[in-house]
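S.K.: Okay, handing you the structure first.
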Amino acid sequence: MDSINIKKLAEALNLSTSTISRAFRDNSDINGATKARILAKAKELNYQPNHYASNLREQKSKTIAVIVPELANNYFSQAIHGIERVARENGYHILIYVTDDDYEKEVTFIRHLHNGRADGIIMSVSGEANDHNYLNKFGAKRLPLVFFDRIYEDIDTPRVITNDYNSSFLATEHLIEQGCSRIAYLVVNKSLSIGKTRMQGYLDALAKYQVPFDENLIVDCSNSYEENSVIIKEALTQLKPDGVFTSVERLAFATYYACYDLKINIPNDLKVISFSSLEIAPLLNPSLTTITQPATEIGEEAAKLLFTILGNHADRDPSNEVVLTSKIIKRNSTMNG
């Protein structure tokens with residue numbers, strides 16, 4: 001059978017296309033019996049309304065874009081889950097864009113989205129080392145934008161973040177309390193604001209407990225598993241830390257693999273703590289001590305901020321900042337035997 005469109009459905013029911021359209025838009029000015037008849041016929045003929053086309057006529061795509069640096073990280077999957085739930089409650093769909101930490105991809109996505117593909121954007125940023133002014137160049141036409149987790153400090157827009165400084169301080173303090181005195185801090189791109197904030201918590205905890213600081217113990221890693229394996233094995237062999245604090249989840253995995261290959265025992269030879277929202281952290285061997293961010297809640301809060309803007313164009317308060325609290329969950333990777 002030929003594909004059924006709104007015109008054919010209208011002819012089959014002897015109704016106007018605008019009546020059909022109103023039935024799918026849930027307009028209250030349509031008779032209940034008529035609406036039921038339309039929906040029953042649509043089901044029988046397997047008609048699916050093209051919301052995208054009708055929304056374009058109304059200048060609304062009913063879609064929000066979510067831009068994240070990666071999907072492999074459990075944290076971002078959970079945040080997207082939170083965003084999607086709030087979007088669905090508001091009758092919106094989400095489109096997910098993954099930058100792979102590539103600034104050029106981010107710029108391309110944002111430009112593409114300004115052609116009417118989405119009504120708003122929720123983003124965890126990629127290219128902090130670059131010029132972010134491209135976002136301001138849209139001027140008043142810029143789509144409502146909310147940052148979460150990783151942000152551009154110089155762009156005024158609402159944001160949802162966690163208490164990263166405090167969490168890092170507590171993580172480092174925990175390792176010191178467990179007897180560590182040579183604590184390596186593993187980071188991907190220490191120039192990122194999130195890396196810098198977390199690093200400052202680490203440095204201040206060392207200073208408070210008068211643990212000597214060795215800048216070689218700040219180990220800059222990469223986005224590649226292969227490169228990280230080499231970097232971390234070299235750090236463990238040459239620097240001989242007794243504690244490792246990883247600023248992102250994948251560096252904790254890389255540390256576990258490196259320790260396995262080098263026959264370093266966690267936690268007897270080396271204690272490990274990491275930022276992670278990984279649900280299987282308790283199942284690792286040994287179970288991983290984590291700083292767990294409320295990832296789903298972060299996504300929900302970011303979506304709520306965006307829908308506040310979409311619902312009330314006057315309420316675009318760029319200083320709107322929501323700070324949520326992460327918590328340390330102590331497990332075997334930092335325990336004394």
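S.K.: For the range 252-259, just list the computed ³J(HN,Hα) in residue order, Karplus coefficients 6.51, -1.76 and 1.60, θ = phi - 60°, integers in Hz, with x standing in for Gly and Pro.
M.R.: Ordered by residue, 3J(HN,Hα) equals 5, 4, 4, 5, 4, 4, 4, 4 Hz.
S.K.: Give the Debye-formula value of log10 I(q)/I(0) at each listed q (0.10 Å⁻¹), with one equal scatterer per alpha carbon of the chain, two decimals each.
M.R.: Rounded to two decimals, the profile gives -0.68.
S.K.: Given the -39500 (n - 2.57) contribution per DSSP H run of 4+ residues, what per-residue ellipticity at 222 nm results for the chain, rounded to the nearest 500 deg cm²/dmol?
M.R.: Mean residue ellipticity, 222 nm, calculated: -13000 deg cm²/dmol.
S.K.: Related question: Taking the Cα atoms only, what angle lies between the long axis of helix 295-311 and the longest principal axis of the chain, rounded to 10 degrees?
M.R.: With rounding to tens, the tilt is 40 degrees.
S.K.: Going toward the positive end of the dipole of the chain, with +1 on Lys and Arg Cβ and -1 on Asp and Glu Cβ, which of Ser333, Phe109, Asn133 do you reach last?
M.R.: The residue sitting most towards the positive pole is Phe109.
S.K.: Could you give the longest part of the chain that holds none of the chymotrypsin sites (Phe, Trp or Tyr not before Pro) found in DSSP loops with at most 14 neighbouring Cβ atoms within 10 Å?
M.R.: No qualifying site falls inside 1-208, the longest such stretch.
S.K.: If amide H atoms are built 1.01 Å from N in the plane of the peptide, which residues on other chains or at least 5 residues away come under 5 Å of the amide H of Ile155?
M.R.: HN-HN under 5 Å from Ile155: empty list.
S.K.: Also: Over the range 143-186, what lengths in whole Å, largest first, do the semi-axes of the equivalent ellipsoid take, defined as the square roots of 5 times the eigenvalues of the alpha-carbon gyration tensor?
M.R.: Values for the range 143-186, descending: 33, 10, 6 Å.
S.K.: If you filter the range 56-151 for GluC sites (Glu not before Pro), then keep DSSP loop positions with at most 10 other Cβ within 10 Å, what is left?
M.R.: Loop-located and lightly packed - Glu58.
S.K.: Setting aside same-chain residues fewer than 8 positions from Lys327, which lysines have a Cα under 25 Å from its Cα?
M.R.: Lys190, Lys196, Lys208, Lys271, Lys304
S.K.: List the aspartates and glutamates whose alpha-carbon lies under 17 Å from that of Lys240, not counting same-chain residues fewer than 8 positions away?
M.R.: Within reach: Asp214, Glu215, Asp220, Asp261, Asp269.
S.K.: Which whole-Hz ³J(HN,Hα) couplings does the range 196-209 yield from phi under the Karplus relation 6.51 cos²θ - 1.76 cosθ + 1.60, θ = phi - 60°, glycine and proline marked x?
M.R.: Here the 3J(HN,Hα) series is 5, 5, 5, 5, 5, x, 4, 5, 5, 5, 4, 5, 4, 9 Hz.
S.K.: So for the chain, taking the charge dipole from beta-carbon charges (+1 Lys/Arg, -1 Asp/Glu), which of Ala281, Tyr225, Leu186 sits furthest toward the positive end?
M.R.: With unit charges placed on the Cβ atoms, the residue in question is Ala281.
S.K.: Which FRET efficiency value, to the nearest 0.05, do you get for Asp269 and Asn130 by plugging their Cβ-Cβ distance into 1/(1 + (r/R0)^6) with R0 = 56 Å?
M.R.: Plugging the Cβ-Cβ distance into 1/(1 + (r/R0)^6) gives 0.90.
S.K.: Could I ask something else about it? Loop only by DSSP, 12 or fewer other Cβ within 10 Å of the Cβ. Give me the GluC sites (Glu not before Pro) in the range 237-305 that pass, ordered by residue number.
M.R.: Filter output for the range 237-305: Glu279.
S.K.: Can you give the charge dipole size of the chain about its Cα centre, rounded to the nearest 20 debye, using +1 on the beta carbon of Lys and Arg and -1 on the beta carbon of Asp and Glu?
M.R.: 1340 debye
S.K.: Let me ask something else about it. Let's see if you can work this out: charge +1 on each Lys and Arg Cβ, -1 on each Asp and Glu Cβ, no other charges. What is the dipole magnitude of the range 206-337 about its Cα centre, in debye to the nearest 20?
M.R.: Value, rounded to 20: 480 debye.
S.K.: Using the basic label-point model (7 angstrom from Cα toward the beta carbon), what is the Asn5 to Leu203 distance in nanometres?
M.R.: It works out to 6.3 nm between the two label points.
S.K.: Amide H of Val244: which non-local residues (sequence gap of 5 or more, or other chain) have their own amide H closer than 5 Å, using H built in the peptide plane?
M.R.: Ala184, Lys271, Val272, Ile273
S.K.: Excluding residues on the same chain fewer than 8 positions from Lys8, give the lysines whose Cα lies under 21 Å from its Cα.
M.R.: Cα-Cα hits under 21 Å: Lys35, Lys41, Lys43.
S.K.: Give the whole-number value, in cubic angstrom per residue, of the convex hull volume spanned by the C-alpha atoms of the range 145-270.
M.R.: 105 Å³
S.K.: Project the alpha carbons of the range 169-214 onto their principal axes and report the range along each, largest first, in whole Å.
M.R.: 29, 16, 15
S.K.: Give a quick list of trypsin sites (Lys or Arg not before Pro) in the range 216-305 that DSSP marks as loop, anything other than H, G, I, E or B, with at most 13 other Cβ atoms within 10 Å.
M.R.: Lys263
S.K.: What size of dipole, in debye to the nearest 20, comes out for the range 124-221 about its Cα centre when the only charges are +1 on Lys and Arg C-beta atoms and -1 on Asp and Glu C-beta atoms?
M.R.: Dipole of the range 124-221, to the nearest 20 debye: 340 debye.
All of the numbers you see were taken from the coordinates with simple rules; none came from a lab. Because the structure is predicted, anything quoted here is derived from the model rather than measured. Here Cβ is always computed from backbone atoms with ideal geometry, including for glycine, and neighbour counts include all displayed protein chains.
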